[in-house]
1. So for the range 372-380 (the condition being without any contact (Cβ under 8 Å) to a residue 60 or more places away in the chain and either over 30 Å from PRO82 (Cβ atoms) or in a loop (DSSP other than H, G, I, E, B) (or both)), does at least one residue qualify?
2. Please report, ordered by residue number, the strands (runs of 3 or more DSSP E) entirely within the range 82-162 with at least 2 residues that are open to solvent by 50 Å² or more (accessible area, probe 1.4 Å).
3. Looking at the range 32-46, can you tell me whether even one residue there is modelled with pLDDT of 60 or more, aromatic (Phe, Trp, Tyr), open to solvent by 80 Å² or more (accessible area, probe 1.4 Å) and more than 30 Å from VAL276 (Cβ to Cβ)?
4. Report, ordered by the first and then the second residue, all pairs with beta carbons closer than 6 Å, sequence separation of six or more or different chains, a first member in the range 197-213 that is under 20 Å from THR165 (Cβ atoms) and hydrophobic (A, V, I, L, M, F, W, C), and a second member that is modelled with pLDDT under 90 and open to solvent by less than 60 Å² (accessible area, probe 1.4 Å).
5. Which condition from (1) out of contact with any Gly (no Cβ under 9 Å at 6 or more places or on another chain); (2) under 30 Å from PRO450 (Cβ atoms) is the one that ALA390 breaks?
6. Taking the condition surrounded by fewer than 16 Cβ atoms within 10 Å (Cβ to Cβ), modelled with pLDDT under 90, over 30 Å from VAL137 (Cβ atoms) and charged (D, E, K, R), does ARG171 pass?
7. If we keep just the residues of the range 59-78 that are under 22 Å from the mean Cα position of the chain (by Cα) and either at pLDDT 95 or above or open to solvent by less than 70 Å² (accessible area, probe 1.4 Å) (or both), which is farthest from ARG403 (Cα to Cα)?
8. Could you list, ordered by first residue, the pairs with Cβ atoms under 8 Å in which the first is in the range 177-191 and modelled with pLDDT under 80 and the second is open to solvent by less than 80 Å² (accessible area, probe 1.4 Å) and hydrophobic (A, V, I, L, M, F, W, C), at least 6 apart or interchain?
Amino acid sequence: MSASRPGESRVPATGATGRSWWRRLLIVPPVLLGAFVLVSFARDKAAPVQVERAETARPARVIEVAALPVAPRATGFGTVRPDRVWTAIAQVGGTVVETHPDLKRGALLPAGALLVRIDPADYELAIARMEAQQRSVEAQIRELDVREENLRQAVAIEREALAVTTQDVERKRNLQASGAGSQSALDQALNSMLAQRQRLQGQQTSLELIPSQRDQLRATAALQDSQLAEARLALERTEIRMPFAGRINEVSVERGQYAAPGTQLAGADGIELAEVAAQVPLDRLRPLVAGLLGGGSVEPDRGLPPLDRLGLEAVVRLRTGTLSAEWPARFARMGDGVDPKTRTIDVMVVVDQPYARAIPGIRPPLTKGMFVEVELKAPPGPPVPVIPRAALQPGDHVHVATRDDRLEIRRVRIADAHAGFVTVAEGLRPGERVVISDLIPAVEGMLLAPLRDEAAESGLARDAAAAPPMH
């Protein structure tokens, strides 16, 4: 507060104080009005109404469980190998004077194509020499036949002569006995008879030797025949030809090279048949052979029935980044044991004409060394309940839509699993509805709005007929 100066009078400030007091009174009416409004609203407000919420049905795609005949299949993988492999080996020695112009690795050659020709001159000379020897023996045999005929005639003449000398001896013996002949004349006749008998004996001996001489000549002729056949065979072996249509896999000979007997000249793989030994897991093979055993075991005294009665169908597939092809195949046989590491068994299938229908750059031939997939298919079995694999929940549970459209979580027992579906042994009956869409969360007893998916049912039927294997 400032001090008043002398001579100045003090005037009280009543006007400013009065205005401040009236401003404070102006605040009271709005406050009272607001309080009145609040009290009025609180008195007139109705009590809250409780609304009961209706249960909402969850949309769900369902299929009706159907019992379908399933065609079991199994897949395995293996490497293609030719059914026939041939190695050209020189069986005779000589200089190579000719080779096929396409005798190169990878070339396809038809059956009978001449691959290599060895100089045949030595073998042709050997054949000419043996043919000359053979003609000489044939001439000796003809000469022996003529000699035999001459000896037969000579023997006949000597026998007649012996008969004459024998009669002469008897006559002279009678004359001597009667005293009309001399002893010297009888002795001379006896000497003539003995000489004639000796000549006859010599002719007969020569005649009897003719068969053995002929046999000897015939044996010589037979030996020459075999030697001539051997020489002709050696001449044939100077030409090495393809025994079947094939693909050359090795060449180790050139024109002008000397090939000793036993030298490997070339090699080829057959192209008429290809074989694949696919390794198939035992558990995938079981459904295919179950029908063969009739669900029973193998009796030792009866053995295993022939596998060719299974009626298995097979197909070989090639799948790469840019190429895809398949070939129909024939089930051939099974391996002789199980691989203890992979628990697989070799299943051999055969493909006819693996090079047929090949299109360069589009469809390759089925060649040696390709890693391919083999699929085996057995005839369909009895109908069984089938559901999609997507409908199977963890722990082998399925979501079932009950008759009153409530969710039931049910455990089932799976008989077999395939790529797109499973077969159910216990827990489902044909006609029941199985949920195939995801329910998150899935609460037992929740209300569903089922929508039947006929397209999924049709696809499941197709898959069961083809039974795509589980990879």
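1. Step one: filter the range 372-380 for residues without any contact (Cβ under 8 Å) to a residue 60 or more places away in the chain, giving none.
No, that holds for no residue.
2. Details: elements: 85-89, 94-99, 114-118.
Hits in the range 82-162: 85-89, 94-99.
3. yes
4. From residues that are under 20 Å from THR165 (Cβ atoms) and hydrophobic (A, V, I, L, M, F, W, C), the pairs are LEU200/GLU158; LEU200/LEU162.
5. ALA390 satisfies every listed condition except (1).
6. On the way: surrounded by fewer than 16 Cβ atoms within 10 Å (Cβ to Cβ): yes; modelled with pLDDT under 90: yes; over 30 Å from VAL137 (Cβ atoms): yes; charged (D, E, K, R): yes.
In short, yes.
7. Initially, the range 59-78 is screened for residues under 22 Å from the mean Cα position of the chain (by Cα), giving 71-78.
Among the residues that remain, those that are also either at pLDDT 95 or above or open to solvent by less than 70 Å² (accessible area, probe 1.4 Å) (or both) are: 71-76, 78.
Details: ALA71: 31, PRO72: 33, ARG73: 35, ALA74: 37, THR75: 40, GLY76: 43, GLY78: 50 Å.
Filtering first and then ranking leaves GLY78.
8. What qualifies is GLY181/LEU175.
The values are calculated or read from the model by the stated rules, or taken from the named source; none is laboratory data. The structure displayed is predicted, hence computed values, not measured ones. Please note: Cβ atoms are built from the backbone with ideal geometry, for glycine as well, and neighbour counts cover all protein chains shown. When the accessible area is computed, the model is the full protein with side chains, heavy atoms only, and any ligands, DNA or RNA have been set aside. Shrake-Rupley method; radii C 1.70, N 1.55, O 1.52, S 1.80 Å.
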